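Derivation of every value follows stated rules applied to the coordinates shown; laboratory data play no part. What you are looking at is a predicted structure, and each value in this text was computed from that prediction instead of being measured. Note: ideal-geometry Cβ built from the backbone for every residue, glycine included; neighbour counts use all protein chains shown.
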Amino acid sequence: MSTATDEPTTCDTEALNSLLRGELSAVETYTQAMSKFDDVQVISELQKIRDEHSRAVRELRDRVVLFSGTPAESSAVWGTFTAAVTATAKALGPATVVAALRQGEEHGISAYEDALHNPEIHADCHRMILTDLLPACRKHVEELNHLLGCSHHD
C-alpha cells in the first residue's frame with residue numbers, strides 16, 4: 001500500500017507540464033472571458049470554473065516539482081489562441097464565447113485521457129487525473145452546456 005511519505009519513483013514531467021500549460025491557459029481564458037459578460041450569474045459561474053482550474057494548476061505544479069521537474073510558467077501557444085478568441089468575444093456574442101470555453105474543456109478532457117494512457121505517468125498522478133482533474137473538466141462541460149441553454153431564448 002502506498003503512503004504519502006513514499007519516495008516517488010519517476011514520472012513524465014513533460015507530460016505533466018503539457019497538462020499544466022493547458023490549465024494555465026484555462027485560467028487565462030476564463031479570466032478574460034469573465035470581463036466580456038455583464039450577467040453577474042454568468043460571471044460567478046465562470047469564476048467558479050476558473051478557480052477550479054487554478055487549483056488544478058497548483059496540483060500539477062506540485063507534482064512536477066515532486067518529480068524533480070521544472071514547472072511550466074506560461075500557457076505558451078494556447079494562451080495566444082485563447083487571447084484571440086476572448087478578444088473578439090463582444091463581437092462574437094456570449095453564446096459563442098461559452099461554446100469556445102466548452103471546446104477548451106473538451107480539449108482538456110482529451111489531454112487528460114491521453115495522459116491516462118501514458119505508461120510514464122506515475123500512479124499517484126494517474127490517480128489525481130482519474131479522480132479529480134478529469135471529472136472536473138467533465139463537470140465544467142456540463143456547467144457550460146447549462147449556461148448555453150440559459151443563453152438561448154425559448
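Tabulated data for the structure shown
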| item | result |
| --- | --- |
| Cβ-based net charge around Leu130, under 12 Å, with every Lys or Arg adding one and every Asp or Glu removing one | -1 |
| Listed residue (Leu148, Leu16, Cys137) projecting farthest to the positive dipole end of segment 13-151, Cβ model | Leu148 |
| Estimated FRET transfer efficiency when R0 is 25 angstrom, pair Asn145-Asp39 (beta carbons, to 0.05) | 0.90 |
| Charge dipole (debye, nearest 20) of segment 13-151; +1 at Cβ of Lys and Arg, -1 at Cβ of Asp and Glu | 220 debye |
| Amide hydrogen neighbours beyond the local backbone of Asp12, cut-off 5 Å, H modeled | Ile121, His122 |
| In Hz, Karplus ³J(HN,Hα) per residue of segment 142-147 (6.51, -1.76, 1.60; θ = phi - 60°; x = Gly, Pro) | 4, 5, 5, 4, 4, 4 |
